[in-house]
Amino acid sequence: RLNKNSVVTNWPFLGMLPYLLRNLSNIHDHAARVLDLVGGTLEFKGPWFTKMNFVVTCDPMNVHHILSQNFGNYNKGPDFREVFEAFGDGIIAADADEWKRSRETMHSSMRQRNFQLSLERSIQEKVKSCLLPLLDQVQERGMQVNLQDVFRRFTFDTICSIVMGFDPKCLAIDFPRFVYRRAFDQVSQTMFYRHVVPKCFWKLQKWLQIGPEKKMTEARKTLDHFLHECVTSARNEVSRSKEGKKVEEPQSMGSSSIPEKPHFDLFATLIMEEEKKGKVADDKFLRDTAFSLLAAGRDTITSGLTWFFWLVATHPSVEAKIVQEIKENFASKEGNKDQMIIGMEEAKKLVYLHGAICEALRLFPPIPYNHKNAIKSDTLPSGHHISPNTMVMYSLYAVGRSEAVWGADYLEFKPERWISSNGGIIHVPSYKFITFNAGPRTCLGKNLSLSEMKMVACAVLWNYSITVVEGHPISPNLSIVLLMRYGLKVRLEKREK
Ligand code: HEM
């Protein structure tokens, strides 16, 4: 019988760190394979002089236990906050009452009708006035384009508009450089780096201000400046709208500007929600909230769209079915549907597209792993004992590729998996389709993201067929969000309708 932990060599002094570092470039696939071999859960041992021991699992019952059934015993904890310190006290890193307060305020703001309408309008406008014109030019000039870069720009513009009512206009044909976007990328990379080197090592680098930690400090300064400007602008807008005054002309802000027209953004809504409760949303709360939302909602949607378009481009029969479904639902309808810029309600009709997007998000979850900290000792459903203050890591990537959950064809891209015999959408419990997390801390942007992805997919696939540039390498990057290391280089052709 296999000694369950022997799949990964546990070296004297160094523990399993050599395995982790040797396989880092393809760590998610390695983790999925190892977890499969050991029955779903592994006790990882770090070097003896570090506190790098943790339990890693992809067993859906363990995940259900940690995220829902025994939710109260698993928080983010101090280590999470240290690694993700750029999030401050924002919802992603917060625990207990701080988290509850953020979650309630954010949830009620995001449910508001005006917010939903403003969100829909922002996405539609961005597709119509920036995304499709840019792709038109690329196609007309016969150029190659990196779709991942296009989506990163698209999502940065939309998330800034949605959260702060400010469009940085990164998506333009001259692909402008935008210093704040690069600062965000630097912060994400350093946060990933802090996961794979012992804590004492990155702390020393931080203290000495060298390597990635130096870059992190500089990037954070840049970002804090950006967020401070956004907070001030949102406050001014709320005061102006309360006074019923006309919104002033944009001020200069780096290489971009504040939008000309009033906008029902999340920031303004949050400020007003707090006021209704007799509280004042202080600058730090708004800064941390903005950072959390920008980080949570920017690269995640980019990742989802990039892997989706790659899968569709390499599965022509799926592409044909998506286009057919769009045609059947909307092509003969009244109104301006020549570009297929649909709304959120219309997006719900596209069941096959929904299946294809869920399938892409299952195979390539934008957040491939996550972790929690056990407060008291516990026993997982798999029988593993958890001591107090142990980090429990769960691989969303490995859950999405578990044969036990998805069947023998788990590696196939099959949108049909999500469609019932009567043509409806099959509901998969969130601890199995874990891409948006599960339990009380389920992603607050789940519906928003699915709608946005469908709206973009519908417009792009209706207007273009996409071919991946021959020989272009496809592999995941090393960061906290699963993007493509070399981007997604494609050529476009106008679709014959
Ligand atoms: C495809 C897109 C997305 C995916 C796959 C995704 C996935 C996730 C995951 C896995 C978590 C749990 C993170 C953790 O606990 O550390 C999360 C949390 C969260 N997400 Fe998303 N997300 C997406 C888009 C968005 C968007 C667009 C927004 C908002 C604009 C958003 C807002 C949030 C918030 C506020 C949380 C924290 C919830 C809490 O802790 O209570 N997400 N998301």
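Are there DSSP H segments in the chain that both extend 24 Å or more along their axis (alpha-carbon positions) and score a mean Kyte-Doolittle hydropathy of at least -1.0? List them, or say none. Present the calculation step by step, with values, prior to reporting the outcome.
Numbers: long enough: 147-164 (25 Å, 0.68); 179-196 (27 Å, -0.52); 211-243 (49 Å, -1.20); 446-463 (26 Å, 0.49).
Span-like helices here: 147-164, 179-196, 446-463.
Count the net charge of all other residues whose Cβ sits under 10 Å from the Cβ of M455, scoring Lys and Arg as +1 and Asp and Glu as -1. Before the final figure, lay out each step's value.
Values: positive: K126, K454; negative: E120, E346, E452.
Net charge around M455: -1.
Over 26 Å between Cα atoms: which of K214/K284; K203/K279; K45/K215 fall into that group? The partial results should precede the final answer.
Details: K214/K284 23 Å; K203/K279 37 Å; K45/K215 29 Å.
Correct reply: K203/K279; K45/K215.
Rank these for me by crowding, V460, V323, going from fewest to most other beta carbons within 10 Å.
Numbers: V460 24, V323 20.
By the 10 Å Cβ count, ascending: V323, V460.
Using a simple spin-label model with points 7 Å from Cα along the Cα→Cβ vector, what separation in nm is obtained for T50 and N447?
With each label placed 7 Å out from Cα toward Cβ, I get 4.2 nm.
Report the label-to-label distance for L208 and Y486 in nanometres (one decimal), using points 7 Å from each Cα along the Cα→Cβ vector.
For L208 paired with Y486, the spin-label model returns 3.4 nm.
Kindly give Rg over Rh for the chain, based on alpha-carbon atoms, with the Kirkwood expression for the hydrodynamic radius. Could the numbers behind the result be given before it?
Numbers: Rg = 22.9 Å, Rh = 23.9 Å.
Radius of gyration over Kirkwood radius for the chain works out to 0.96.
Excluding residues fewer than 8 places away in the same chain, name every one of the aspartates and glutamates whose C-alpha is closer than 18 Å to that of K276.
Excluding near neighbours in sequence, the set is E104, E237, E243, D265.
Over all Cα pairs of segment 75-154, how is the pair count split among 5 Å bins, expressed in % and running from 0 up to the last occupied bin?
Histogram of Cα-Cα distances, whole percents per bin: 3, 12, 14, 12, 11, 13, 14, 10, 7, 4, 1.
Using alpha-carbon pairs under 8 Å, 6+ residues apart, how would you state the relative contact order of segment 4-494 in percent? Please report the intermediate quantities before stating the final value.
Working: 737 pairs, mean separation 113.3, N = 491.
That works out to 23 percent.
Could you let me know the centre-to-centre spacing of segment 401-468 and segment 139-202, using Cα atoms, in angstrom?
First find each Cα centre; the distance between them is then 24 Å.
FYI, it's all coordinate maths here, none of it is from the lab. This is a predicted model, so every value here is computed, not measured. Because the Cβ atoms are built from the backbone with ideal geometry, glycine has one as well, and the counts that use them run over all protein chains shown.
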